[in-house]
Amino acid sequence: MEPMEAVTPRPRPVWIAGVAEPGTAPRPVLHPYDRTEVATVSLASDEQVERAVAGAARLAGETRSVPAHTRASALDQLANEIEARAEEFAELVTAEAAAPLTRAAEEVALAVATLRHGARLAGETRSVPSAAPFGAALPCGVGLTRRVPRGVALGLVAPHRPLAAAAGGVAAALAVGTPVVLAPTPRAPLSALALAETLADVLTAGPLPTGALSVLTTESPDLLAGDARLCPLAWPAGHAQALVLDDWAEVESAASAIAASAADWAGQRYAPVRHVLVHPARAEPFVAALAAALEAQRTGDPYDAAVSVGPLPDEDSASRTLAWIAEATDRGATVVTGGTRSGTAVTPTLLTGLGADALRDRGVLGPVIAVSATDGTDTTGDPSDSDLTARRVAVFTRDVEQALRTADRLTAATADEVVVGDVPRHRPEDVRAAAQALTRETTTVLSGRPG
């Protein structure tokens, strides 16, 4: 009997204009926790990248002409398919991004909700003033304003939130009627590739162009942002701050929400809270409550159902996080809890004795949070511009007037979002801002001049 030939799994293909193709070089996908190989993918060649982008540009007009209700239906169908395969997609997210099992399930739910919100967004219509029949005299003239796509959408998919980010790119693009090119990092491309496979099945059954989606796995996906034919999708970035005022007696509830924000996705979530300004009257009980809440976040193997904090993407990320903590202690900070690591997993860390500027523009990674015992207000009781500088701010207060005054001042300064009584979160509604950034307004004026 002839010896059985070993079977080598084929690398997962790239998607060029809706068609799966083998790439030019294999690339292993390693599990961030134990560095075992979980899959092999193909890297797209320069020729495939050009063909995908050029093809998407040619399809832009055709995609835009598809009725909004058809694009909405495709997004709804895609959401239904992912929901039906929720366990499979959650396993992919845990395998490629080391999201703990509970976080992976939340990731799938967020992706599904984002697609459905995109479907509703696609179905929205803008009412315009009624006008006389074209060609008739219009006494004042009528302007019809519409939003049209600026070009092909580019979705750069980070290693954290790989499925939600990919789904958000598809939802925003189809909502406004433009093709999309997804460019996942080669460290975590599996969710985006599975999404493409699922969408391809949906598109073959409908009038949408099957080439409306490409997924390009490359070593340097950020380079695509320089292509003038592509419009990079804008998603919220950076960290958040929190302000706990003296009238907020429920320090445990604030601490629980802030700890979850700092520890979610090992500190890589949407706008993690990195810095808290707490009123001196609440500082001692709040720090104790926050330390307990962080210690309750178990760190380790993401396949352990009791774990809520998984590892960072790689050794470099973990080393830089510990180096930053060591630098902070050298500058006088105190480590209240955490500050250790096991492999690439960093325990949630709480520091005191640092100012707001200590975390500003330093690219802090990992589940690290600093608390300053100051009310963060000036002599009028309003937040100090020098202390509150993040674009997203959580304000914990029972005083509605103070909350509104704080929100007004912060949004007039640097903040894009102020949340009262909770922390900023990644919401399905965020796809609206991404879709709007993909479009520009055009106006058609019926002048009303006599013929």
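The values are calculated or read from the model by the stated rules, or taken from the named source; none is laboratory data. This structure is a prediction, so every number in the text was calculated from the model and none was measured. Neighbour counts are summed over all protein chains in view; Cβ atoms, including those assigned to glycine, are modelled from backbone coordinates with ideal geometry. Remember, those area values only see protein heavy atoms, side chains included, never the ligands or the DNA or RNA. Shrake-Rupley method; radii C 1.70, N 1.55, O 1.52, S 1.80 Å.
So between D408 and A323, what do we pick up on full extension, going 0.36 nm a residue minus the alpha carbon distance?
Computed gain between D408 and A323 is 26.9 nm.
Which shape class, rounded, prolate or oblate, goes with the stretch 51-94 when its Cα gyration tensor gives a ≥ b ≥ c as root eigenvalues, a/c under 1.5 marks rounded, and past that a/b bigger than b/c marks prolate?
oblate
What is the dipole size for the chain, taken about its Cα centre, with +1 at each Lys and Arg Cβ and -1 at each Asp and Glu Cβ, in debye to the nearest 20?
Approximately 1600 debye in magnitude.
Which of the listed residues, A97, Q48, L388, is farthest toward the dipole's positive end in the chain, when Lys, Arg count +1 and Asp, Glu count -1 at the beta-carbon?
Q48
Using a/c under 1.5 as the rounded threshold, could you call the stretch 269-329 rounded, prolate or oblate? The axes a ≥ b ≥ c are square roots of the C-alpha gyration tensor eigenvalues, and prolate needs a/b larger than b/c, oblate otherwise.
oblate
What translational D, rounded to a whole number of µm²/s, comes out for the chain from Stokes-Einstein when the hydrodynamic radius is the Kirkwood one over Cα pairs, at 25 °C and 0.890 mPa s?
Using the Kirkwood radius from Cα pairs, D works out to 103 µm²/s.
What would the Debye equation give as log₁₀ I(q)/I(0) for the stretch 225-313 at q = 0.14, 0.15 Å⁻¹, counting only Cα atoms as equal point scatterers?
Each listed q corresponds, in turn, to -0.60, -0.66.
Residues of the chain: accessible area per residue at 1.4 Å, in Å²?
Averaged over the residues of the chain, the accessible area is 44 Å².
Counting only protein heavy atoms, what percent of the accessible surface of the stretch 236-312 is carbon or sulfur at a 1.4 Å probe?
54
Considering only the other residues whose Cβ falls under 10 Å of the Cβ of G123, what net charge follows from Lys and Arg at +1 and Asp and Glu at -1?
Summing Lys/Arg as +1 and Asp/Glu as -1 gives 0.
At 0.36 nm per residue, and after removing the present C-alpha to C-alpha distance, how many nm does the segment from E401 to V445 gain when stretched out fully?
Here the segment from E401 to V445 would lengthen by 11.4 nm.
Once you sort the root eigenvalues of the Cα gyration tensor of the stretch 17-122 as a ≥ b ≥ c, which label holds: rounded (a/c under 1.5), prolate (a/b larger than b/c) or oblate (the other case)?
oblate
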